[in-house]
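To start, the structure itself, in structure tokens.
We did not get these values from a lab; they are worked out from the coordinates using the rules stated. Computed from a predicted structure; not experimentally measured. Please note: Cβ atoms are built from the backbone with ideal geometry, for glycine as well, and neighbour counts cover all protein chains shown.
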Amino acid sequence: MRNFLSDKIQEIKPSGIRKFFDIVVEMKDAISLGVGEPDFDTPWHIREEGIYAFEKGKTFYTSNSGLKPLREEISSYIKRSQNIEYNPNDEILVTVGGSEAIDIGLRAILNDGDEVIIPQPSYVSYAPCSYLAGGKNVIIDLKEENHFKLTPQELENAITDKTKVLILPFPNNPTGAIMEREDLEKIAKIIIDKDIFVMSDEIYSELTYDKKHVSIASIEGMKERTLLINGFSKAYAMTGWRLGYACGPNEIIKQMTKIHQYAIMCAPTISQYAAVEALRHGDDDVNMMRQSYNQRRRFLIKRFKEMGLECFEPYGAFYVFPCIKEFGMTSEEFATKLLLEEKVAAVPGTAFGDSGEGYLRISYAYSIEKLKIAMERLENFITKLRAEKRKAF
Amino acid sequence: MREELLSIIEKNSRIGINELATMLGKEEIEVANEIAKLEEERIICGYHTLIDWEKTSIEKVTALIEVRVTPQRGQGFDKIAQRIYNYPEVKSVYLISGGFDLLVTLEEKTLKDIAAFVSYKLSTLESILSTGTHFILKKYKDHGTILDKQDEDSREVVTP
């Protein structure tokens, strides 16, 4: 029989997390700190709006670009949070999670061979999606000494005459890094100067601590060269509803809508009704969850300090990214050993790019009680490792 | 810090000062002082435990009693409320808007005790016009806590 598989697809490596997942599932009483989604249930008033939509029989397709009231609410939300104006009629597309927006956004922009700059460590889907869309990935290895921010120098070094898009994944999964206004202004200057487009994945925009999120699209001259991607998963704890959106220049949204229309039709209708409620009345819930994440974040940072585990202070998302280089193991070895010996699962930094080597992603989308137990186990583990190392000398 | 502190200990009053300070990003001494102040100002009025007595061998009956009263000149409802809340078996007393005036929660060992309280103690107070007693059959949720809820993490164990 012929090989019916696409060469291109076979080239893609499966997600590094999978292997790990299989061990954790088998293991009873393991504590997982490996989850990339909120631990809160979707707030009840939002779920109820979904139920209500079912009861009213809102079970049909919506328009391709999404319910008009939802696009209007998205537009007003971005206006009030970032002071950017997007026309709900032709500059906003409602998608199946932020993930779909990343995929079709890249497909709408890229020609074969166009270079896509991807700062890493970052979310796992940029590189494969860009590759599938014909892009040539140029990876920037972000550095802990820069707090995993993208520096102007790093960007300039990566730019060639084939560069078309920069993916800007902040607040960042897995590092928790954020980019502040002055950081973005420097980046924007280069972007405009070199005539490059930006895909800004701002899915964690509501989860920043002590500092407010700034979108690069809010910087002068950037709105027309930015595709802003966001969604409901992280802010409103709505991961399973699969709902996100993209905002950008009309020409790009128009092309994306074509792909969306043929591949997806429309985002889930029930989720769209629930999302209208989230944007209208969900601010208190977001504030409550943010406050709770922030308490856990402070708790972890303090515990790492007590253990003497090096970790820069992250101001976004719900991850911390401690450095484990002192133990002389790869991230994967460390994570596997931690899981087998102390039954704590954390994701090796390398799952998010080679530059994640020497780091561990620890999620704090867990109750303080759980985190407390996990940190005790982690402390045990590294105390043991340090003792072994001393003996070896 | 005040409101955030209160919202944490409202859910878990057993949390240690050390942990509380960490979660709030403050020094322990600041947190301890703030708690002392809150106690002094009677903003924190007590540290109680939420117990589902139904799961124990102790028999308890709880009743909600609607009470209509004639308010007294110069004292409004306060005097009569005090007469009622001084009974140790009375767990709470609220002044209520609407069809009646006071809502009284009463906890006793048996139904008979409740009946005795209502007919001999409560109804006989002057200025009480009428009472309506409702027995609690089952508590689903109390103090914001769902009593039978099992906390189960239904997420996949590792996700990107």
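Worth a mention:
- Ranking A:323, B:120, A:52 by how far each Cα lies toward the positive end of the dipole of the protein assembly as shown (charges on Cβ) leaves B:120 at the top.
- Tilt relative to chain B, helix B:28-40 - C-alpha long axis, 0 to 90 degrees, to 10: 10
- Of A:143/A:194; A:305/A:370; A:305/A:325; A:302/B:37; A:186/A:305; A:149/A:254, those spanning more than 21 Å from alpha-carbon to alpha-carbon: A:143/A:194; A:302/B:37; A:186/A:305; A:149/A:254
- Entry note: segment A:1-150 has Rg to Rh equal to 1.02, where both radii use alpha-carbon atoms and Rh is the Kirkwood radius.
- A simple rule links phi to the HN-Hα coupling: the Karplus curve 6.51 cos²θ - 1.76 cosθ + 1.60 with θ = phi - 60°, which for segment A:161-169 gives 6, 9, 5, 10, 10, 10, 8, 10, x Hz, with x for Gly and Pro.
- In sequence order, segment A:310-326 has phi-based couplings of 6, 7, 6, 7, x, 10, x, 6, 10, 10, 10, 9, x, 8, 10, 4, 4 Hz under the Karplus curve 6.51 cos²θ - 1.76 cosθ + 1.60, θ = phi - 60°, and Gly or Pro positions carry x.
- For the protein assembly as shown, with +1 on Lys and Arg beta carbons and -1 on Asp and Glu, the positive-most of B:111, A:266, A:292 along the dipole: B:111
- Based on Cα atoms of segment B:1-127, Rg over Rh with Rh as the Kirkwood radius reads 1.10.
- Once backbone amide H atoms are built at 1.01 Å from N, residue A:123 has A:173 as its partners under 5 Å, excluding neighbours fewer than 5 places away on the same chain.
- Segment B:53-138 - charge dipole about Cα centre, Lys and Arg +1 at Cβ, Asp and Glu -1, debye rounded to 20: 20
- Of the two radii for segment A:250-342, the radius of gyration is 1.18 times the Kirkwood radius, both from the alpha carbons; that is the Rg over Rh value.
- Annotation for residue B:68 and residue A:157: the two label points, set 7 Å from Cα along the Cα-Cβ direction, are 8.3 nm apart.
- Note: the protein assembly as shown, Cα convex hull, 230 Å³ per residue.
- Highest GNM mean-square fluctuation among A:28, A:162, A:143, for chain A modelled with Cα contacts below 10 Å: A:28.
- Between the listed residues A:86, A:12, A:217, the Cα displaced farthest toward the positive end of the dipole of chain A, a dipole computed from Cβ unit charges relative to the Cα centre, is found at A:12.
- Global size of segment B:53-138 as Cα Rg and Dmax, reported in angstrom: 13.2, 46
- Eligible aspartates and glutamates near residue A:389 by straight Cα distance, threshold 12 Å, same-chain separation 8 or greater: A:326
- Within segment A:191-239, the GluC sites (Glu not before Pro) that combine a DSSP coil assignment with at most 12 other C-beta atoms in a 10 angstrom radius are A:220.
- Candidate lysines - alpha carbon under 19 Å from residue A:234, same-chain residues fewer than 8 apart omitted: A:211, A:212
- Modelled label reach - residue B:125, point 7 Å along Cα→Cβ, segment B:77-99 residues with backbone N closer than 12 Å: B:77-95
- Charging the Cβ of each Asp and Glu at -1 and of each Lys and Arg at +1, and nothing else, the dipole of chain B about its Cα centre rounds to 880 debye.
- Alpha-carbon Rg with Dmax, taken over segment A:1-81, Å: 21.1, 59
- Under the criterion of Cα pairs below 8 Å and six or more residues apart, the relative contact order for segment B:53-138 equals 42 percent.
- Cross-link partners for residue B:60 among the aspartates and glutamates, with Cα-Cα distance under 20 Å and sequence neighbours closer than 8 places in the same chain left out: B:52, B:89, B:107, B:108, B:113, B:142, B:148.
- Sequence-distant contacts, meaning Cα pairs under 8 Å at least 6 residues apart, place the relative contact order of chain A at 23 percent.
- Spatial separation of Cα centroids for segment A:121-157 and segment A:248-295, in angstrom: 25
- Residue-by-residue Karplus 3J(HN,Hα) for segment B:46-57, coefficients 6.51, -1.76, 1.60, Hz, glycine and proline x: x, 10, 10, 10, 8, 10, 8, 4, 4, 8, 9, 8
- Database remark: amide H of residue A:136 closer than 5 angstrom to the amide H of A:113, A:114, A:115, A:116 (H placed geometrically; neighbours at sequence offset of 5 or more, or on other chains; Pro and chain starts carry no H).
- Largest mean-square fluctuation among A:92, A:191, A:51, in a Gaussian network model of chain A whose springs join Cα atoms under 10 Å apart, belongs to A:51.
- Using distinct alpha-carbon pairs, which all enter the 1/r mean, Kirkwood radius of segment A:58-281 in Å: 17.4
- Most fluctuating residue given options A:32, A:271, A:15, as computed from a GNM of chain A linking Cα atoms under 10 Å: A:15
- Rounded to the nearest 20 debye, dipole of the protein assembly as shown from Cβ charges on Lys, Arg, Asp, Glu: 720
- Look at the stretch A:24-36: the mean tally of other chain Cβ atoms within 10 Å of its residues' Cβ atoms is 3.
- Per-residue [θ]222 nm for chain A (sum of -39500 (n - 2.57) over DSSP H runs n ≥ 4, rounded to 500): -14000 deg cm²/dmol
- Paired Rg and Dmax values of segment A:351-393, which use every Cα atom, in angstrom: 13.9, 39
- Put simply, the amide H of residue A:197, placed in the peptide plane, has neighbours under 5 Å in A:165, A:166, leaving out anything fewer than 5 places away on its chain.
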